[in-house]
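Worksheet: one structure, shown below.
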Number of protein chains: 10
Amino acid sequence: MSKSDAAELVVAARRRRGLTWSAIADELGAPPVWTTAALLGQHPLTREQAERACTLLGLEAAVAESLQQQPSRGTDPALMSDPTIYRFTEALSVYGPALKELIHEEFGDGIMSAINFRVDVARRPDPDGDRVVVTFDGKFLDYRW
Amino acid sequence: MSKSDAAELVVAARRRRGLTWSAIADELGAPPVWTTAALLGQHPLTREQAERACTLLGLEAAVAESLQQQPSRGTDPALMSDPTIYRFTEALSVYGPALKELIHEEFGDGIMSAINFRVDVARRPDPDGDRVVVTFDGKFLDYRW
Amino acid sequence: MSKSDAAELVVAARRRRGLTWSAIADELGAPPVWTTAALLGQHPLTREQAERACTLLGLEAAVAESLQQQPSRGTDPALMSDPTIYRFTEALSVYGPALKELIHEEFGDGIMSAINFRVDVARRPDPDGDRVVVTFDGKFLDYRW
Amino acid sequence: MSKSDAAELVVAARRRRGLTWSAIADELGAPPVWTTAALLGQHPLTREQAERACTLLGLEAAVAESLQQQPSRGTDPALMSDPTIYRFTEALSVYGPALKELIHEEFGDGIMSAINFRVDVARRPDPDGDRVVVTFDGKFLDYRW
Amino acid sequence: MSKSDAAELVVAARRRRGLTWSAIADELGAPPVWTTAALLGQHPLTREQAERACTLLGLEAAVAESLQQQPSRGTDPALMSDPTIYRFTEALSVYGPALKELIHEEFGDGIMSAINFRVDVARRPDPDGDRVVVTFDGKFLDYRW
Amino acid sequence: MSKSDAAELVVAARRRRGLTWSAIADELGAPPVWTTAALLGQHPLTREQAERACTLLGLEAAVAESLQQQPSRGTDPALMSDPTIYRFTEALSVYGPALKELIHEEFGDGIMSAINFRVDVARRPDPDGDRVVVTFDGKFLDYRW
Amino acid sequence: MSKSDAAELVVAARRRRGLTWSAIADELGAPPVWTTAALLGQHPLTREQAERACTLLGLEAAVAESLQQQPSRGTDPALMSDPTIYRFTEALSVYGPALKELIHEEFGDGIMSAINFRVDVARRPDPDGDRVVVTFDGKFLDYRW
Amino acid sequence: MSKSDAAELVVAARRRRGLTWSAIADELGAPPVWTTAALLGQHPLTREQAERACTLLGLEAAVAESLQQQPSRGTDPALMSDPTIYRFTEALSVYGPALKELIHEEFGDGIMSAINFRVDVARRPDPDGDRVVVTFDGKFLDYRW
Amino acid sequence: MSKSDAAELVVAARRRRGLTWSAIADELGAPPVWTTAALLGQHPLTREQAERACTLLGLEAAVAESLQQQPSRGTDPALMSDPTIYRFTEALSVYGPALKELIHEEFGDGIMSAINFRVDVARRPDPDGDRVVVTFDGKFLDYRW
Amino acid sequence: MSKSDAAELVVAARRRRGLTWSAIADELGAPPVWTTAALLGQHPLTREQAERACTLLGLEAAVAESLQQQPSRGTDPALMSDPTIYRFTEALSVYGPALKELIHEEFGDGIMSAINFRVDVARRPDPDGDRVVVTFDGKFLDYRW
């Protein structure tokens, strides 16, 4: 079973069972963004994680097997223009070169790792309307020959 | 003078004068990412901000005038494949759909605004290597007819 | 069932039953453009709306379930070159920068929201040939840090 | 002088003289969106309009000559991803097929002309935040062999 | 049944029954290019036309129903590079700007409609080799605000 | 001098001198579409044609020399989305496969040559609005090994 | 049956029966490149050719029928980057403009026909390693109005 | 001086002096296609070749220097759609997979080298119209680990 | 059976049987990168290799047959943006022109063959973290007419 | 001065002075690929390196200043199709997925860093023709949350 087929089954089962992504993450003892990304096919689960997730969601063994496979990572470009995702792309298009300047100013020549990396999403209450706060947190890697 | 010509002059003057982006931001009393983005051409400065920046950098009035103009926002795609910027794009390609799921789970159907929005970059010390922490913070907007 | 499969079934049932989109919208108590877009897969319906629509159209529960799902929004680019849709794209290509200038002139630096947003289509009689009048109506959002 | 060079001179002169697009439109006795689009290079002005605009803006005869030329219409795609313009593109991507359905339902098989066409932008006060209202108004043309 | 599936069935039935497109057009009392385009999915047929075509071709009612549907018009770009079609594209690439100049010279600022439009193909005998003569005939539409 | 620089000088001189493309074509004793395309850089002129055109337009010898050069044919894709030119592209997208079917039906397997080829544009009066009639006329070439 | 499905069956049957493309070409009395291209879906076979090929390959009548159909010519771009095919594309990218210059020098303004055209592939022994010799042979067509 | 600037000067000087590419090739004692490609910037000339070519064409030393530089090979894609060049691309799109099959059949798994490679263009008289004969001749390279 | 279907079966069987790619390579007596690439569909196996691989993996004869077929080489571009693969692409984007300079400096005008070519991947222990060492080793081919 | 202007001056001065890249690298005490890439604009030099390089090459201070700037890394895609560079891209297209499999097999889920990374090019004598040996050597980074 391909990881995209497994993801579709997970999404449908989650809705049918009325489970939140956070509840599944709690069950697996893993962070919510990581767990959601993994169940959508972007990270391999361990056997134990895969089996607990499938038990929780009532899914067959073939799904659990698929969830443990090494993924080929990345998202279909057609999905990247969904407005909820596109706003991140737009923000990078406006602020990307400024982030690059400030990373180099603070750390020197290098990058924020996207591998030794975590991302969290949180809600911050605000009288003008609550805010989505997304934190990208990656190890700095300097260009080193 | 186009905003990209103004940005080139700012970048060169900053280096020549040995100023940091943060020092310029302090001088303008504005946040570092906003200030850097604005000086690179992505936001209009007020007349006062533009003039203080140009005095600090030793740049002529035409630059100050250009910095106040309304920009057409966005970055040349060729620059987006620079590795320091690309890692953000890669992270979105891996985590974008998971972020979408979790925003909808927490807030309902809608988006994180990229307009009523701020972004910060910080350094977090870590024994395994310091970390780049970039926070995207935007007002939640629900689909509302 | 995917939302595109659901949309195809809706389109076919609508024709078979001889219902107009407006009649369906009336039944749901929702605006016509919103309703049509939602049934084509661009907005989630509430459970009640989905069930009333399916009853009206004689469609099974799986369709109603699909219509309530959170969509990934956007249209296959191949459909955007259909002449009836393309004329809007062409108009934006001719008038987009002028609209940007006038929005900034009237409101300042910011955008028309496409989320807190409504769109209507109407017929205006005209002796030279009736006219299609499409109104885009979105909340102004100013760039605010 | 190319129309894009003329447009740059118009934009700079307008700012220097502190004129609004609406004031220029009034001077020419033409609608604001049409006037702005024409001065940005998307429509030819009459000799009289071109000369009045250049007198108002203090621009030389070569600009007036350029403004009268027949344009090759369209906007550089790089400018279409500016957020203020992009929101219209996004709205079409979400609502385009619904607009097509409703145009066919009301008028039959055909299109809204983008040639026999006008577009207006207005501000509508709203306690929740004022709204940008953009009206596309084109003659219906039916497919006719 | 999708219009492309219907088109495939039409093409196969036409060959099997040894019918020409012209003969089908005669049967429908419609012009050959229009009829061929409609049967390939680019125009809706009336109920009567659809039923006569299906009777002639020995096709089931589902095909007739599909042929009456409102199409989303346009051709898969992969098919546009077939040499027989590509020569038209090449001719436009060589002569397009010249046609634009001459249309404006003769008619003023505007376009040839592709909606109030007909196209015919004919054979013109020629001692040096017979010629394909394709006539595009569309109503002139002037830019009118 | 490049052919595009020469074309710009031709276009400007033509307007300054108040000459029509047809008048220039008459002077050269050549068809209007051919002449316009050649002066825009798509065909080489003979020395005599080039010199007569430059005398008529008051242009220097370097232009005449450029007009005689062998062109690299084709039009910048950005110009192909001008609405006056785009309508031809749209018509091909709607009718291209039908034209292919009818060319094969009438002539067998082959193409309409775009080299042994002529194209004319004419005005046909019509009480409902005059019509633009563009005729593509190319020798049929059969696939022959 | 589509021509690509037919091609797959031909390719599989050829291997199963241990036949070379040249042997099939001999059987059909047609040149090898033409025959191979036709069986891969780029040319229509006559009824007789199609039936002999299917007899030789042990394929059913539906394949023979498909092989006689008029093709939509061209190859999926994904296949064009196969190294064996790409070397031809690379050679054109290096030598294309030189071939154009020399064709014009020898023949005048025009093209090598790709319709009245044949191509052969041969092996030329060479002590440094045998050589692939591919000959493109097309009728010269001069630009003729 | 860039190789494209040098090529423009060569092309202009060749025309001014009335020299053919073949005459220049003779002077250099090199094959015509190689010589033309080299002068257009696709191969480095030796110092002696570069100086003889520049003497023949009356060009300055800077051109000779540029002609000796190592090129970055390839042609601007915009030039590849010129009809004289495009016919080769079209032929590859029709015959590429067949050439691949026959190369593998004759030589085994491998490619025709585009490096150890020559290409010639010749005229073959034919009562039906003379023919352009272009021969691609490259060493076979087998996949060898 | 297509080579991509065969590859999927190989990948699944390998995991099910707990075999490493290296163990399969050992069994075939072939290098690991070559073997892995071949089983993923990029090289034809000999009959003996194909049968041994299928025996080892418990796969049916149809897979073995597919593995012996001549492939159309290349990878779906969507897979090339997987981060593990993308880092090689990024390295080429940063170092490609430098590699070209140094190859020409050492070897003269020519290329590293990608056909007479091998690639190995190894682990090099390093106290700062073990390293992935990938060696591209291809015969130098000089441009030779 | 932009880094691409500086690179052009470096390339020209190197040829004029008859220096090899390796000699320049020796002078800077840095590896050849790193040095060449840095001088072509892909890495910042230290002030001392930049000044030594400019003294060696006889270039002005503005070049040295440019060479110290932080680059925006990456290569114009047009240059990536040069055959000497393209062979690397082709090798990745053939072997990329196999490399990914073997990296995961040996190291687990992660990547070869392109930042903590070095690349070398060497000549390996071989009786069948010397070989280009390019070694990519990057730290393994495991996906770590």
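The values are calculated or read from the model by the stated rules, or taken from the named source; none is laboratory data. Since this is a predicted model, take the numbers as computed values, not measurements. Cβ: placed from backbone, ideal geometry, glycine included. Neighbour counts: every protein chain shown.
Observations
- Restricting region C:1-41 to residues that are surrounded by fewer than 22 Cβ atoms within 10 Å (Cβ to Cβ) and among the polar types (S, T, N, Q), the residue that is nearest to the chain's Cα centre (by Cα): C:SER22
- Remark: pairs (first residue in region G:2-13, in contact (Cβ under 8 Å) with a residue 60 or more places away in the chain; second residue of a type in the set (Val, Ile, Thr); Cβ separation under 8 Å; 6+ apart in sequence or on different chains) = G:ALA6/G:VAL63.
- Answer residue from region I:84-93, given it is facing chain J (nearest Cβ under 7 Å) and among the hydroxyl-bearing types (Ser, Thr, Tyr) and is nearest to B:ALA91 (Cα to Cα) among those: I:THR84
- Total residues in region E:110-145, condition more than 24 Å from F:PRO97 (Cβ to Cβ), buried (at least 16 other Cβ atoms within 10 Å of the Cβ) and in contact with a helix residue (DSSP H, G or I) (Cβ under 8 Å, 6 or more places away or on another chain): 2
- Within region F:48-63, the residues that satisfy the criterion of being in contact (Cβ under 8 Å) with a residue 24 or more places away in the chain and surrounded by fewer than 16 Cβ atoms within 10 Å (Cβ to Cβ) are F:GLY58, F:ALA62.
- Any hit, region I:15-28, residues being in contact (Cβ under 8 Å) with a residue 60 or more places away in the chain and in a helix (DSSP H, G or I): no
- Total residues in region B:114-140, condition more than 7 Å from every other protein chain (Cβ to nearest Cβ) and either under 22 Å from C:GLN68 (Cα atoms) or under 17 Å from the mean Cα position of the chain (by Cα) (or both): 2
- Scanning region C:81-109 for residues that are surrounded by fewer than 19 Cβ atoms within 10 Å (Cβ to Cβ) and in contact with a Ser or Thr (Cβ under 9 Å, 6 or more places away or on another chain) gives C:SER81, C:HIS104, C:GLU105, C:GLU106, C:ASP109.
- Boolean, E:LEU45 is surrounded by fewer than 23 Cβ atoms within 10 Å (Cβ to Cβ) and either within 30 Å of F:ARG73 (Cβ to Cβ) or within 16 Å of the chain's Cα centre (by Cα) (or both): yes
- Only one of the numbered conditions (1) part of a helix (DSSP H, G or I); (2) out of contact with any Pro (no Cβ under 7 Å at 6 or more places or on another chain); (3) hydrophobic (A, V, I, L, M, F, W, C) is violated by D:LEU45, and that is (1).
- Residue within region I:113-125 that is under 30 Å from B:GLY129 (Cβ atoms) and aromatic (Phe, Trp, Tyr) present: no
- Note on region E:29-42: among residues that are among the aliphatic types (A, V, I, L, M) and without any contact (Cβ under 8 Å) to a residue 24 or more places away in the chain, the one that is nearest to E:SER72 (Cα to Cα) is E:ALA37.
- Check on F:THR89, assigned by TED's automatic domain parsing to the domain that holds F:ALA37 and either free of Cβ contacts under 8 Å to residues at least 12 places away in the same chain or in contact with a strand residue (DSSP E or B) (Cβ under 9 Å, 6 or more places away or on another chain) (or both): no
- Taking each residue of region F:94-105 that is within 7 Å of chain E (Cβ to nearest Cβ) and looking for partners that are part of a helix (DSSP H, G or I) and among the small types (Gly, Ala, Ser) with beta-carbon atoms closer than 8 Å, six or more apart or interchain, yields F:VAL94/E:ALA37; F:TYR95/E:ALA37; F:PRO97/E:ALA37; F:ALA98/E:ALA37; F:LEU102/E:SER22; F:GLU105/E:SER22.
- For region E:64-73, the criterion of being surrounded by 17 or more Cβ atoms within 10 Å (Cβ to Cβ), free of Cβ contacts under 8 Å to residues at least 60 places away in the same chain and in contact with a strand residue (DSSP E or B) (Cβ under 6 Å, 6 or more places away or on another chain) is met by no residue.
- Hits in region E:106-121 - residues which are farther than 21 Å from E:HIS43 by Cβ and in contact (Cβ under 8 Å) with a residue 24 or more places away in the chain: E:PHE107, E:GLY108, E:ASP109, E:GLY110
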